[in-house]
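The values are calculated or read from the model by the stated rules, or taken from the named source; none is laboratory data. The model shown is predicted, which means the values in this text are computed figures rather than measured ones. When we count neighbours, we look across all protein chains shown, and the Cβ atoms used for this are built from the backbone with ideal geometry, even at glycine.
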Amino acid sequence: MTKHVAVLMGGWDPERPVSLRSGEACAGALERAGFQVTRLDVDRDVMNTLAALKPDVAFNALHGPWGEGGAMQGMLETLRIPYTHSGILASGLAMNKEKAKLVFKAEGIPVAEAVVTSRFEAAKEHVLPPPYVVKPVAQGSSFGVIIVSADRSHPPQELLRDDWPYGDIVMVETYIPGRELTVGVMGGKALDIIEVVPQGQAFYDFDSKYAPGGSRHVLPAALKPNIYQTVQMLAEKAYAAIGCRGVSRADFRFDDSGDGDGALYCLEMNTQPGMTATSLVPEMAAHAGISFEALVTWMVEDASCDR
């Protein structure tokens, strides 16, 4: 009997456009793999829609706080529909950068120094010596990220915008120079490492992630073998510490700058990484000999409740 998969995409988080692209890509791959697929652009009546649809599996291609922060996972648990990616606790924990950082530190995973404060306080004075990075405490896709350079005399006034959409709590984190590294973790096992080199941007921002040509991906990353293995080990350790399931992606900075100490810093664990044409995890999987169809098939077969 053909398994019926509902692909959840869209939603109302700021990452809706990315989610629609991820969802469409995954839906197409699942159809090519032989599944019966229903594309579901999620709205606030999604619980009733899913209860009537009764799919065998929900493929969660939502991005953003609601879709990947525990709320959708709780709804799927209530409906007892097996679903992909991480469960309620791990999803909520990974989405909150402050809480995730505390878990990483407790497990001996290196992280950058950071302070959590209100956006109003962060706009009033430098809460850390520049350079530093300001991030919404619970957003993805680099939405709302501001880099404050070492020569900037005033804190970022963008935080005071009346239409600021990313919440009032921000994390101010010491800026780590060096290289951007990312590694997918599939079922607890690290894939190969990509070094992301933004093209024309100062950091791996939204356009670098999703615009064609926005970044150059070096796969495998050109690292000494001991550093390569350490990054993979730390990614697996972060995955386990958060309690992830299915496919996740850990992001790191490697400070090999002239004045750097050669240290690695874990920035975050993404429990629902992008699955678009320019996304990192499908590229890593392909490098490991896993086609996009095989990747999404594995994710569907891995789906369950009580994650």
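Pairs linking a residue in the stretch 101-127 that is over 25 Å from Asp163 (Cα atoms) and of a type in the set (A, V, I, L, M, F, W, C) to a residue that is part of a loop (DSSP other than H, G, I, E, B) and modelled with pLDDT of 95 or more, with Cβ atoms under 6 Å and 6 or more positions apart or on different chains, are Phe104/Val111.
Look at the stretch 134-162: where a residue is in contact (Cβ under 8 Å) with a residue 60 or more places away in the chain and a partner is part of a helix (DSSP H, G or I) and surrounded by fewer than 20 Cβ atoms within 10 Å (Cβ to Cβ), sitting 6+ places away or on another chain with Cβ atoms under 6 Å, you get Ser141/Phe206; Ser142/Phe206.
When the stretch 181-196 is examined, which residues are found to be over 13 Å from Leu219 (Cβ atoms) and either out of contact with any helix residue (DSSP H, G or I) (no Cβ under 8 Å at 6 or more places or on another chain) or buried (at least 24 other Cβ atoms within 10 Å of the Cβ) (or both)?
The answer is Val185, and nothing else.
Within the stretch 237-247, the presence of at least one residue that is of a type in the set (D, E, K, R), touching a residue at least 40 places away in the same chain (Cβ under 8 Å) and in a loop (DSSP other than H, G, I, E, B) is confirmed. Working only within the stretch 75-106, note down all residues that are within 19 Å of the chain's Cα centre (by Cα) and either small (Gly, Ala, Ser) or on the phi > 0 side of the Ramachandran plot (or both). Answer for the stretch 75-106, where residues must be within 19 Å of the chain's Cα centre (by Cα) and either small (Gly, Ala, Ser) or on the phi > 0 side of the Ramachandran plot (or both): His85, Ser86, Gly87, Ala90, Ser91, Gly92, Ala94, Ala100.
Okay, residues lined up against (1) at pLDDT 95 or above; (2) in contact with an Asp or Glu (Cβ under 9 Å, 6 or more places away or on another chain); (3) surrounded by fewer than 21 Cβ atoms within 10 Å (Cβ to Cβ):
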| site | (1), (2), (3) |
| --- | --- |
| Phe203 | no, yes, yes |
| Ser215 | no, yes, no |
| Ile227 | no, yes, yes |
| Ser248 | yes, no, no |
| Gly260 | no, no, yes |
| Cys266 | yes, yes, no |
| Ala277 | no, no, yes |
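In the stretch 179-197, the count of residues that are at pLDDT below 95 and either farther than 23 Å from Pro130 by Cα or out of contact with any Asp or Glu (no Cβ under 7 Å at 6 or more places or on another chain) (or both) is one or more.
Of the residues making up the stretch 135-151, those that are assigned to a loop (DSSP other than H, G, I, E, B), at pLDDT 85 or above and of a type outside the set (S, T, N, Q) are Val137, Val145, Ala150, Asp151. Figure legend. Inter-residue proximity from the stretch 28-39: first residues in a helix (DSSP H, G or I), second residues at pLDDT 95 or above and of a type in the set (Val, Ile, Thr), beta-carbon distance below 6 Å, spacing 6+ or different chains. Indicated pairs: Ala29/Val296; Leu30/Val5; Leu30/Val37; Leu30/Val296; Glu31/Val37. Among the residues of the stretch 43-68, the ones that are modelled with pLDDT under 95 and crowded, with 19+ Cβ neighbours inside 10 Å come to 5 in all.
Annotation: of all residues in the stretch 279-289 being out of contact with any strand residue (DSSP E or B) (no Cβ under 7 Å at 6 or more places or on another chain) and either part of a helix (DSSP H, G or I) or without any contact (Cβ under 8 Å) to a residue 12 or more places away in the chain (or both), the one that is surrounded by the fewest Cβ atoms within 10 Å (Cβ to Cβ) is Gly289.
Of the residues in the stretch 80-89, how many are surrounded by fewer than 17 Cβ atoms within 10 Å (Cβ to Cβ) and outside any loop (DSSP other than H, G, I, E, B)? Of the residues in that region, 1 qualify.
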